[in-house]
Amino acid sequence: ASAVVDPTQIPPKSGQCENVANVKFLNGNRIAYPAACVVVVYDLSAHSQAFMRAHDDDCICLAVNATREVGASGQVASMRNRDPPIYVWDTSSLQVVAKLQGFHKRRVTRVEFSPTAQYIASVGGDDAHSICVYDWRTEQPVFFGNGALEEVYSLSFNPLNMDEFLQVGGKHVKFWSFEKQSSIMSAMRQAQHMQRDWKQA
């Protein structure tokens, strides 16, 4: 007789790790989180909501800078935006201050600010889980490269060196250095053809 599988015990499959850690605290006792194609900003004291409405399809990732004054959010590709955009916006006025677009395909799955908020690192939903680092004020990519064959779950900049950040994902941890423009460490299993240096834009 075949065993009965409890559906609640089935581990998540690849591609099911979107919308992880997407609730962020802002200044003034407010929180932000994505819901469909808007970013909801909820005021805990006033019990009121405001919305950042720039996205035209599902917003699936969110980040805020260290001072909680600037947010960044990425979405899936849409009919109007075949290359999914990242919107950078003021967390007080909810007005868009920059639009980063043209590199990623399918979706933007992760975004993260550098400690000084000069750069935004992002992960795409393509097969290589490509990574791009933008100078968001100029709306231009600074570095880009292939992330990993497996999903990338998280990005984090080195708080002591703004030229370094790491990615963590399925069966891998990978450290990057802007200065060396190369992967300085790749742990766990990585496909050989995915272990490449950064390319300068």
If we sort 72-79, 61-68, 106-113 on the protection proxy, mean other Cβ atoms within 10 Å, highest first, what's the order?
106-113, 72-79, 61-68
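Relative contact order for the stretch 67-136: what percent, with Cα pairs under 8 Å and sequence separation of 6 or more? Numbers along the way, then the final one.
Working: 157 pairs, mean separation 17.4, N = 70.
Computed over the stretch 67-136, the figure is 25 percent.
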Kindly provide the pair-distance distribution of the stretch 99-174 built from C-alpha pairs, with 5 Å bins from 0 and whole-percent values in order of increasing distance.
3, 17, 30, 25, 17, 6, 1
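So, with a 1.4 angstrom probe, what is the percent of accessible area on the stretch 73-144 that is carbon and sulfur?
On the way: 1340 of 2880 Å².
Of all accessible area on the stretch 73-144, carbon and sulfur atoms account for 46 percent.
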Can you say what percent of the DSSP beta bridges in the stretch 72-162, counting only those with both residues inside, are antiparallel? Round to 5.
100
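What percent do you get for the relative contact order of the stretch 10-162 when only Cα pairs under 8 Å and 6+ apart count?
On the way: 377 pairs, mean separation 23.0, N = 153.
This gives 15 percent for the stretch 10-162.
The values are calculated or read from the model by the stated rules, or taken from the named source; none is laboratory data. Just so we're clear, the structure is a prediction, and the values are computed from it rather than from any experiment. Glycine also receives a Cβ, built like all others from the backbone with ideal geometry; neighbour counts cover every protein chain displayed. For accessibility, only protein heavy atoms count, side chains too; no ligands or nucleic acids. Shrake-Rupley method; radii C 1.70, N 1.55, O 1.52, S 1.80 Å.
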